[in-house]
Every structure is written in C-alpha cells, then in structure tokens.
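Before any comments, here is the structure.
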Amino acid sequence: MPHDALHDCSPAAALSARRLTKRFGRLTALDAVDLEVARGETVVLWGPNGAGKTTLLRCLLGIVPYEGQASVLGLDARRQGREARRLLGYAPQEVRFPIDEPVSEVCTFYARLRQVEPRQADALLDEWGLTALAATPVGALSGGMKQKLALAVALLGDPPILLLDEPASHLDVATRHELMGLLRRLAERGKTLLLCSHRAGDIWRLAQRVIVLRQGRKVADGPPEAAAAEIGGRAILWITVLEGRAADAALVLSRHGFSVHPNGAQLWVGGTIGRRAEPLARLQEAGIPVLDLDVESEG
Amino acid sequence: MRSRVLATIAGKELRDARRNRWFVLFAAVFTLAALGLSVLGLSGLGTFGLAGFGRTTASLLQLVMLLVPLMGLLLGAMSIAGEREQGTLLTVLAQPVTAVEVFAGKTLGTLAAVAGVVAVGFLVSGAFLASATSLDRVGGFLTLAACTALLGGVHVGLGLLLSVWAGRTATAVGLALLVWLTVVFLSDLGVIGTAMVLRLTPGQLLWVSLMNPVQAFKLVALPALHGTLDTLGPSGRYAADVLGPWLRLVMASVLAAWMAAALGLAAWTFRRRGAL
C-alpha cells in the first residue's frame, strides 16, 4: 500500500478518501482518488458515465471492497461500516425498491433497518407529498415519485450526510425545481451533501465545490466556475446522435475545438460560447444525424 | 448481530416468498399431494389395517424427496441473486446493517418459508391420518416431518450458495435445477457406477452415498417409518449394522452438517462479494 494511504483520513471532515482505488478485473474504476468534504459543505461530483462517481459513493458507503482509505466523520467506511452508514443517507441513481411493495411498506422496512420510529417514516411521506400514495405499489409510481421516495428513505433517521447519485436525472422540470428547493433547505440546515451528476446546470448552483472525475481520476476540484472552465467553458450543449455514432461525433467536434464528453448516445459539448450552432453544422457536414439537442443553463 | 434487524429482514423475506408464485405453487402442490396421498393410502385401511399408515407415509417420503429439495433450492437461488439483479440489495446494504446480518435475515426468512410449507403439508396429512388410525406411529411421522424440514434447510443452503455465487437469477435457477436433478435422480446412478468401477466396500459405498444429502435423509427417515434399510442396498444394511441405534442421530447430524457447510460458505462468499 502506498505510504499516503496509511495516513489517517481527517477526523474533522465529513467525508474523506485517501488514494481510493477500485478495480473491476482489469478495469480501474477509481484510480487513487483523494477527496475531502467538510461538514455542512455541498459538493457535486461531476463526470460522464463511467467516470467513477457511483463507485466512489459505494466505496464511501463501505459496501464494495476497495484499496486505500475512506472515512465518514472519522469512522472507517470498511471496518466501521455499520456505524458509518448510520451517519449517511443514500439515494441510488436508479431507484431500486421491490416493485410490488406498497410505498408505506418500503418506508417502514427501511425505518426498521435504521432503527427509526415508523412515525418518522410517516412524517417524511407527508413532507414529500407521498401520503396519498402510501398504499400504491412502488412499480406504479412515476419516475419523479420514485425519486422522491428514495430521498425520503435516505432522510430516515435524519443522517447528517447525504450521498445522492444523480438525484435529478429522472425528474421533470417542476419536480426538479422542487428538489432543488429541498436540497437547498437541507444544506441550510447544515447537512453535508455529496451529489453526483453527469449534467451541470441547476445542481451546480447548489454546490460550493465541484469535483470533476474522468476515467476514475480526479481532474479538477474547486468552485463551480473553475470546474466549468476546466471542463470546457460555460455554454453547454447536450447532443443526442444515433446509437453507435457518438464516438465519431465526438471526434469531429473535438477536431473543431469543442470540449466533448460522450455519455452513451449523448454528447456533452462545452466551449460553445458564441458558436452554439456550429456543432450541429459540423455534425451535418460529417453525415452524422442529430436526433435531439438540449441547451443547458450556463454554469 | 441484532435480533431486530434479523427479524425485519427475515419478515421481508417471508413476505417476498408469499408474493413469489413459484413458492405459492409449491405450497399448494405439496399440501394437496400430502392430503391426497393420505386419502389414497387410507382408502384400503379396512383391508390392510395399519399397513395403510405405512403405505401413506412411504408415499409421503417419495413426495418429500422430490418436492422439498426443489422448493428449497429454487427459493434459495432466487433470494439473493434476484435482489442483486434488481439492485434492491445495494439499497439494503447501504443501511446501517452488516452483510452478515442481511445474509442471516434472508436465510432465516427463507428457512421459515420452507418450514412453514412442510408444517402445513404434514399437519394436513397428519390430521387426516390421526382421525382414521391409531396414534401408535405418530413418533415416526413427527420424525419424518422434522427430517423433512432439515432436508429443506440443506437445500435452502445450497440454493443460497448458488445465489450468492451466480451473477444472475437465471444462472442461479439453472444451476439449482441441475443440482436438483443430480441429488434426486442422477446421484444413485453415479454411486452405482462408482461402486462397480472401483469395487467399493459397503462402508466406502455408504460414505460415498452420503455425499448426497437426500441419501442421508433416506437413512434417517426409513427407520423412523419402521421401513427396512435393505431397500437401500448394501450401504443401507451396512449403516444399520454399524450405527445401530445411533443411525438416526448420525444421519440427522450429517444433514445438519450439510446445512451448516452450505450456509457457512454462502455467508462467507456474500460477505466478500458485497452488493455487486
């Protein structure tokens, strides 16, 4: 183990990682990542799919084996995993609850696991506007409602730290706006938030700091403005091309000076200030059909 | 391990089993078949007297050896692999619980589900038998019920082992069916073939056959029903001669050892592998 990894993670930090490395066979999903999140801080982990964001959260939760060190308020995430997870609320990217279980049953189950009174689960359902759906099976909920349920479950036991993986990814505009308000309130109440996102925009506005991950490495860590500059300017386009053409499209746009991150069939295109229409023209010239386009609010 | 966490996870596993259509089908088939065998077995009571009781319990034994391993293997195989595939396991492990608590809770829930079906099947059958015959042989019947629960436990353990090892539910279920075919049908052929090729002594034959938990079950269940072990060939006669009055205890211990080994290995694998 490298010498640095033997250093204790800072007990003052809410979350801390030293040379955190996770390998899946030959693939290195996280490569010696150092990270520190102060108590009460709101930090966004940004990166395209496959950058290692979700893996980093799972390591901090202590639910996958890893190399290096990870700690939660001074507790070792691996050796003191149960105690550390009591301090963490986690909402996964894809909301995963048994589809045939009613909402109330899901909440009660997780409340019991967290050794929380079931009435706190009822109060959270009420706060999140889910009381009317208490008897509804999870499978019948909309994407937004499932996400709300996941957040309600993450808040059971009032943990001081929340790890939220792409919390706004399946939400419509209105629900997304509502979520941003709630996250802001949680931050004001002193919660530490670590939010994963592969998009910038409104999530970044909450952040005091953005950590940029790319191919398992930390490539930037600083205020949102600095991170935006690092990843290619503030004007951002999301371009969807045909499945299988994303790599070609990324190559074409990079040749013309754009900062591009493929994300499945989508391309995140930065560096478009004053030339937002140009990527479309370049792709058309190259014979790559554009299926959809989204202009993200700046920085 | 905390009992409240174990009870919560075990309770959820029981509820999941109740929602599982395979489990419901097994429960219905086992109960109806047990009742049907009792009715048929006792239909000739006037002619055969107490032999009707023996005939019924012998039929139950065959039913148990077919259905209970299949039920235990399939429920075990679907338990963890299914949750891992759906991603729900990750959400559970992200709570302040340990992997061992989650595994133990799921195991207890699955064992309770299988034991529940066995209990209902034997209660229905036993109530019918008790109403029609004397209670002289109730001890043997209860021994058969207890050994059946143990046989179910062994196969739940084997199913869970496949479940934690396999990446997908379909793989775990496919392997479970293969194990079922092996322990119920193919093992006897394998033992016979091995005995012929290697010219095994009866003692060696006995220990080879105990590599199949269903054989151990036969050796404990048949004497309980006052059946003869001659039907199991030289290894059965050898077991009866060598172990004498200890036979039932030894064979029940063999079954318990099978269950402990399967569950121990499954727990170890689960702890190492984590949620992914």
- Message: Inside 10 Å of the C-beta atoms of A:74-87, what's the mean count of C-beta atoms belonging to other chains?
- Response: 2
- Amide H neighbours of A:Cys196 under 5 Å, at least 5 residues apart or on other chains, H built in the peptide plane: list them. A:Leu45, A:Leu164, A:Asp165, A:Glu166
- The Rg/Rh figure for chain A, Cα atoms and Kirkwood Rh, to two decimals is 0.99
- Take every Cα pair under 8 Å in segment A:125-208 that's 6+ residues apart, average their separations, divide by the length, and report that relative contact order as a whole percent. 29 percent
- Item | Sequence-separation-based contact order of chain A, relative, with Cα cut under 8 Å and 6+ spacing, percent | 19 percent
- How do the peptides B:148-154, B:86-92, B:263-269 rank, highest first, by the average count of neighbouring beta carbon atoms within 10 Å per residue? B:148-154, B:86-92, B:263-269
- Taking every residue of B:2-10, the Cβ atoms of other protein chains inside 10 Å of its Cβ average out to 2
- On average over all directions, what projected area in square nanometres does segment B:3-273 have, based on the convex hull of its Cα atoms? 15.3 nm²
- Which of the peptides B:111-123, A:90-102, B:16-28 is most tightly packed, and how do the rest follow, going by the mean number of other Cβ atoms within 10 Å of each residue? B:111-123, A:90-102, B:16-28
- Message: Classify segment A:236-296 from the C-alpha gyration tensor, please: rounded if a/c falls under 1.5, else prolate or oblate depending on whether a/b exceeds b/c.
- Response: rounded
- Query: Taking every DSSP beta bridge that has both residues in segment A:3-230, what percent is antiparallel when rounded to the nearest 5?
  - Reply: 55 percent
- Task: Return the average number of partner chain Cβ atoms within 10 angstrom of each residue Cβ along peptide A:137-149.
- Result: 0
- Query: What are the aspartates and glutamates whose alpha-carbon lies under 17 Å from the alpha-carbon of B:Lys218, with same-chain residues fewer than 8 places away excluded?
  - Reply: B:Asp188, B:Asp230, B:Asp241
- Message: For A:Ala220, what residues show an amide H to amide H distance below 5 Å, using hydrogens built from the backbone and excluding near sequence neighbours?
- Response: A:Val212
- Message: Please compare each pair in A:Lys146/A:Lys218; A:Lys146/A:Lys191; A:Lys148/B:Lys106; A:Lys22/A:Lys218; A:Lys148/A:Lys218 to a cut-off of 24 Å on the Cα-Cα distance and tell me which ones are over it.
- Response: A:Lys146/A:Lys218; A:Lys148/B:Lys106; A:Lys148/A:Lys218
- Gap in Å between the Cα centre of segment A:111-178 and the Cα centre of segment B:1-24? 23 Å
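Just so you know, all these numbers are worked out from the coordinates, no wet-lab data involved. Note that the structure is a prediction, hence the values are computed from the model and not measured. Neighbour counts run over all protein chains shown; Cβ positions are idealised from the backbone, glycine included.
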